[in-house]
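Okay, structure first, notes after.
Read-outs: derived from the displayed coordinates by stated rules, not from any lab. All figures in this text were calculated on a predicted structure; none of them were measured in a lab. Here the Cβ is made from the backbone with ideal geometry for all residues, glycine too, and neighbour counts use every protein chain on show.
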Amino acid sequence: MKLPSRSKTATRWTIAGLAALKVAVVAGLWIASNHSHAADLTVEVLNVKAGKGPVMGALFNGPNAWLKVDQAAKGAMSPVDGERAILVLRNLPAGTYAMSLFQDENGNGKFDRNPAGTPLERFGFSRDAKGNMGPPAFGDAVFDLQGDTTITVKLN
Amino acid sequence: MDRRLLLRSLLGTAGSLALRARAGELPADPATSDATLAAFEAHRAGAPWTLGYEGLQADAAPMPLKLRGRMPLGLRGALYRNGAARHQLGDMRYHHWFDGDGMVQKYTVTDRGIEHRGRFLRTEKFLADSAAGRPVRIAFGTNPPGAERVGSPDSINVANTSVIRHAGEFLALWEGGSATGFDPETLATGELKTWSPDYQGMPFSAHPKVEPDGTLWNFGVSSARGLLSIYRISAKGEALQTVTLKIPQMTMLHDFVVTEKHLVFLLPPLVFDADRLHAGQTFLDSHVWKPELGMRALVLHKDRLEAPQWMELPAGFLFHCGNAWEDRNGVIRMDFIRSDDAYHATSGIKSLMQGRYEGEAVPAVALVQLDTRTGRARQTLLPHKAEFPRVGPRVVGRRYSQVFMAERIDARDRPGYDAVTRLNVVTGKSDRFRYGANVMVEEHVFVPNPAGSGKEGDGWLVGTALDLNRKAMLFSVFDAQRLSAGPLAQAEMARPMPLGLHAIFVPT
């Protein structure tokens, strides 16, 4: 049985695509309007491939949502500037979050992987967390957001 | 007591998984991390054969060989051999013979004589382990204590199994990840090979098959997802087709055969179990022997690679196949080296790394017929204790009768082979040369005589062996049709090398 060209099963490596970003942005606005404590998260992304497509990031607020496309708390996207990119996620409620990022090098809106699931594009996680032959656990990437914060993530 | 072991025993499996996540490390093999080294050190003095399993810690600088006899005029070029060559680093000795870092060895044959050199492939793993002074990344059969997390199979690629030259490129092959380029003159390491962008980093086996028109076929196994990938690559090195199939109960798979119309994979029932891997077993030990599955023959028509035909043979284990061809009635005839089970391949080989020889598996040459029209398979066994089957390049996937092998005749109290044999798989007749009990024979390769008739087997058999008494390597050339007459020429190198795996001869 030949594999379909795009796998329909949700896999551990699935990261927010453009549709999820729209959902996450709307959800973020709703959250912001209902909470008084809101913080901005700035993500400085290093080791980006210069001259290629944008860096996309998805923020998750718990292990159950972790890496599930449609359950990101917020998304963000930024074109690259040399070997860096800056993503800003505004008006987040205080709490613990973990972030996954990738650089959409070829600009197709997807995080590309080979048929065995190994990433073909650069990727990273908050706290520069590393998994073993797969993404890290939420707990390895989790960080606390209490006020305006800047974190740095280096892509692999 | 090691703190990690103590905590694991207190917390049980769940705690151990949490421990793994928190420590950023992987669970160690239980308390045997240095047992292999200690055992090897204890046994080696009483076991001269262990010379072949010591391994090296540095590249082998160029060294000339002393030649006896005359090298045939048409035989100029180089024998390239790959194999695991660094079996220990720091206090750790690998548990399995296939774990160690690959070294490409080159025996160059010119009018001036023969010269040898060897160079380790500077893979990511080689560099990381070398910098640390001990293995810090997992291997096929060993999980070193404190191993670092890695992102992909190529992070642990040791490039140690075979070599090919295709479309002018020289590649060191492994099977769990990409092929690794190397320079044919200096043996310096090049880049990982990507055949097509979406298959970057995909596994590429150590046994591609090149048909007479130059088309290269290969496969790769992604065990964690139960995937079998197929590659069809042109003589010019372009990826013409890549396909990936999902295989239920995917097994260890090392080799395959092609015919004019089909690809055939024999799946020994050594099945990958992802739960074992996640529980901290090595990749090797995550495989379970399930003889109730039999030996499944997966037959793919080259024009319908996504539509497998399955046939069944009696359960058994194999590493290597010789060759295959099919007649106009769709009957495929092939040969492989069969053992009854995977005991030797797993436990037996681990014992060798400890300096203990437990005796051999009793392999046989298996001759198989697969009828693609009826779906029936049958098998006959010939009593040869052999390995490393090779055929000439012009008969790959075409009608053939001659298979060259390393064979064990009377090797006595040590592992491996003491002879080389040419077996006619049609008549069952064989011709062989026995080196002797104290010579450990490596794979020999058939080299067609460029000025010959072009008939199958018209050429030379070329190969190397480790002489335990002289602590030297022997490089021998035979008339491939007269092995029993002994070598036409033989050269000796005054230093032993680690026993290697697969080789090619590249004519000048």
Exercise for review: Grab every C-alpha pair in the range B:330-404, bin the distances at 10 angstrom width from 0 up to the longest one, and report whole percents.
Suggested key: 17, 37, 30, 14, 3
**Study point:** Normalised contact order of chain B, rounded percent, pairs of Cα under 8 Å and 6 or more residues apart
**Key:** 14 percent
**Study point:** Spread of Cα-to-Cα distances over 10 Å intervals beginning at zero, given as percent, for the range B:324-462
**Key:** 11, 36, 33, 17, 4, 0
Practice item. Write down the Kirkwood hydrodynamic radius of the range A:18-154, to one decimal in angstroms, obtained as one divided by the mean of 1/r over all alpha carbon pairs. Key: 15.0 Å
Review point. For B:H262, which sequence-distant residues (separation of 5 or more, or a different chain) have an amide H within less than 5 Å of its own amide H, given hydrogens modelled in the peptide plane?
Key: B:K302
Study note, to complete from the structure: Per-residue average of other protein chain Cβ atoms inside 10 Å, peptide B:198-207 -> 3
Practice item. Would you mind calculating the gained length between B:A132 and B:E185 on full extension (0.36 nm times residue separation, minus the Cα-Cα distance), in nm to one decimal? Key: 16.2 nm
Practice item. Per residue of A:116-129, count partner chain C-beta atoms within 10 Å of its C-beta, then hand back the mean as an integer. Key: 3
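Which value in deg cm²/dmol, rounded to the nearest 500, describes the helix-derived mean residue ellipticity at 222 nm for chain B, given -39,500 (n - 2.57) per DSSP H run of n ≥ 4 and division by the residue count? Please report the intermediate quantities before stating the final value.
Details: 5 runs with 49 residues, N = 508.
The helix contribution divided over chain B gives -3000 deg cm²/dmol.
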Revision key, fill the gap. Too long for a 23 Å Cα-Cα cut-off, among B:K106/B:K193; A:K74/A:K154; B:K209/B:K455; B:K106/B:K350, are B:K106/B:K350
Exercise for review: Kindly state, as a whole number, the per residue volume in cubic angstrom of the convex hull around the alpha carbon atoms of the protein assembly as shown.
Suggested key: 162 Å³
Check your understanding: Counting partner chain Cβ atoms within 10 Å of every residue's Cβ in B:146-156, what's the average?
Key -> 4
Exercise for review: Could you please state, rounded to a whole Å, how far the C-alpha centre of the range B:68-123 is from the C-alpha centre of the range A:79-114?
Suggested key: 46 Å
Study note, to complete from the structure: Note, the range B:331-339: 3J(HN,Hα) by Karplus (6.51, -1.76, 1.60, θ = phi - 60°), whole Hz, Gly/Pro = x, goes 8, 8, 10, 9, 9, 8, 9, 10, 10
Exercise for review: Would you list the P(r) distribution for chain B, with all Cα-Cα distances sorted into 20 Å bins from 0 and each bin expressed as a whole %?
Suggested key: 23, 59, 17, 1
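Explain nothing, just the number: dipole magnitude of the protein assembly as shown about its Cα centre with +1 on each Lys and Arg Cβ and -1 on each Asp and Glu Cβ, in debye rounded to the nearest 20. Show your work: numbers first, answer last.
Details: 77 positive and 68 negative charges, 165 e Å.
For the protein assembly as shown, the charge dipole is close to 800 debye.
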